[in-house]
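The values are calculated or read from the model by the stated rules, or taken from the named source; none is laboratory data. For clarity, every value in this text was computed on a predicted model and none was experimentally measured. Don't worry about glycine lacking a Cβ; one is built from the backbone with ideal geometry, like all the others, and counts go over all protein chains shown.
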């Protein structure tokens with residue numbers, strides 16, 4: 001692994017945090033605040049009714065739960081990519097960009113954790 005390889009993976013993780021992690025939180029909250037469609041799914045309607053009566057402090061706690069869930073999902077995904085979480089596959093999972101394997105001999109879950117340092121603020 002070269003410094004360039006590690007830098008590419010860090011940049012990849014920064015994009016994941018920006019374009020996957022953060023939108024997952026805001027999208028989940030938006031679904032609850034304003035369920036889409038003419039006839040939203042009953043589970044979203046129920047969540048909306050519950051959420052709408054929460055105080056601002058309670059809504060912030062819901063946002064924190066969504067943050068924890070998004071983080072746990074991504075961390076678990078990268079653990080699976082690294083082979084430290086068994087998901088029942090018999091081979092390796094590789095992330096390839098322009099023919100270059102980004103996660104060769106790297107622990108993505110550790111790099112993700114080092115990049116996603118401000119997520120619980």
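Identify, please: which residue in segment 1-44 is outside any helix (DSSP H, G or I) and at pLDDT 90 or above and is, among those, surrounded by the most Cβ atoms within 10 Å (Cβ to Cβ)? Within segment 1-44, the match that is surrounded by the most Cβ atoms within 10 Å (Cβ to Cβ) is 35.
Taken as a whole, the structure leaves residue 47 outside the set of residues that are without any contact (Cβ under 8 Å) to a residue 24 or more places away in the chain, surrounded by fewer than 16 Cβ atoms within 10 Å (Cβ to Cβ) and touching a helix residue (DSSP H, G or I) at 6+ places or on another chain (Cβ under 8 Å).
Taking segment 59-79 as the range and being over 13 Å from residue 29 (Cα atoms), in contact with a helix residue (DSSP H, G or I) (Cβ under 9 Å, 6 or more places away or on another chain) and free of Cβ contacts under 8 Å to residues at least 40 places away in the same chain as the test, the residues that pass are 75, 76, 77, 78, 79. Filtered by the rule that a residue be touching a residue at least 40 places away in the same chain (Cβ under 8 Å) and more than 30 Å from residue 109 (Cα to Cα), segment 1-44 gives no residues.
Scanning segment 80-109 for residues that are loosely packed, with under 14 Cβ neighbours inside 10 Å and in contact (Cβ under 8 Å) with a residue 60 or more places away in the chain gives 97, 100, 104, 105. Residue selection: residue 87 satisfies the criterion of being under 18 Å from the mean Cα position of the chain (by Cα) and in a loop (DSSP other than H, G, I, E, B).
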